[in-house]
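*Asks:* The following block contains the structure, expressed as structure tokens.
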Amino acid sequence: MQLVRFAFVIVCSLTACRGEGGTGAVRSPASPAPSPASPSPSSPPVGPAPAAHAGHHPGHHPGHSWDDIYRNGTGFRLAPNRLLVDSVHGVAPGKALDIDMGQGRNAVYLASQGWDVTGVDTSAEGVRIAGEQAAAAGRKLNGLVQDIQTFEMGTSQWNLIAMIYMDDRALAERIKAALAPGGLVVIEFFHSDSNDYFPHPINGFHTGELEQLFHGFTVIRSEVVQDTADFGQKPAKLVRFIARKPAA
């Protein structure tokens, strides 16, 4: 999860290794990581974001890598993002890309709803856990350990692209090109007024900024709310955004 990795959505390439019988699998240059410990609640983590990601999460345990965080399952909401769940309600499944997938909380949910999901993340442990969760649920998940900056999104490839708790504005143009006509983009992140949510800057979105970045899209939902953030798990000012690419 990466430039301030938040929704965030959430991905593996379609050519990434697949598990037997159509279940989740991981292709990674790294050696298999140890099995994760059972998740347990914790207080919100703080500290600078890990440099390994193109983006970064505002909250994490000092001195710990994203592999550690996903292995421990602490400091973030384990359930799927509520905005993402709302966004696909009643929508026919298609191909979905989860930018900075993390440990798969959103990608596995989408797969459970019949989506053909690709999840990309620089954390080998996160992608491994996501693959295990998908396999346990009997679902297929394409997981790729890769920086989203080097991942080839393609053109008109995806019916849904999720960027949950990830702040890379530079991806907007690539997302617009990669979405198929009629495809959805779903984004949740901190508002710029919440830049002091953690000790380090988190580069939140300004009010109306996402409408400008996705000019020409049909805005389905755009709101600034005070709610509990998925990362850090305490009240914060958040930006939530769902928009549809024009049909061809």
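*Asks:* If I take every Cα pair under 8 Å that is 6 or more residues apart in segment 119-174, average their sequence separation and divide by the length, what percent do I get for the relative contact order?
*Replies:* 35
*Asks:* By per-residue mean of other Cβ atoms within 10 Å, what is the highest-first order of 229-242, 77-90, 165-178, 212-225?
*Replies:* Values: 229-242: 22.1, 77-90: 16.8, 165-178: 20.1, 212-225: 14.1.
Result, highest mean first: 229-242, 165-178, 77-90, 212-225.
*Asks:* Separate question: Among DSSP beta bridges whose residues both lie in segment 147-248, state the antiparallel percentage, nearest 5.
*Replies:* Rounded to the nearest five, the antiparallel share is 70 percent.
*Asks:* Also, quick follow-up: What aspartates and glutamates does Lys234 reach when the alpha-carbon gap must be under 18 Å and sequence neighbours fewer than 8 apart in one chain are set aside?
*Replies:* Lys234 reaches Glu188, Asp193, Asp196.
*Asks:* Determine the per residue accessible area of segment 111-248 with all protein chains present and a 1.4 angstrom probe, expressed in square angstrom.
*Replies:* I get 38 Å² per residue for segment 111-248.
*Asks:* When the Cα centres of segment 127-166 and segment 217-248 are compared, how far apart do they sit, in Å?
*Replies:* 20
The values are calculated or read from the model by the stated rules, or taken from the named source; none is laboratory data. In this text, all values refer to a predicted model and were calculated from it rather than measured experimentally. Here Cβ is always computed from backbone atoms with ideal geometry, including for glycine, and neighbour counts include all displayed protein chains. Note: areas computed on protein heavy atoms with side chains; ligands, DNA, RNA excluded. Shrake-Rupley method; radii C 1.70, N 1.55, O 1.52, S 1.80 Å.
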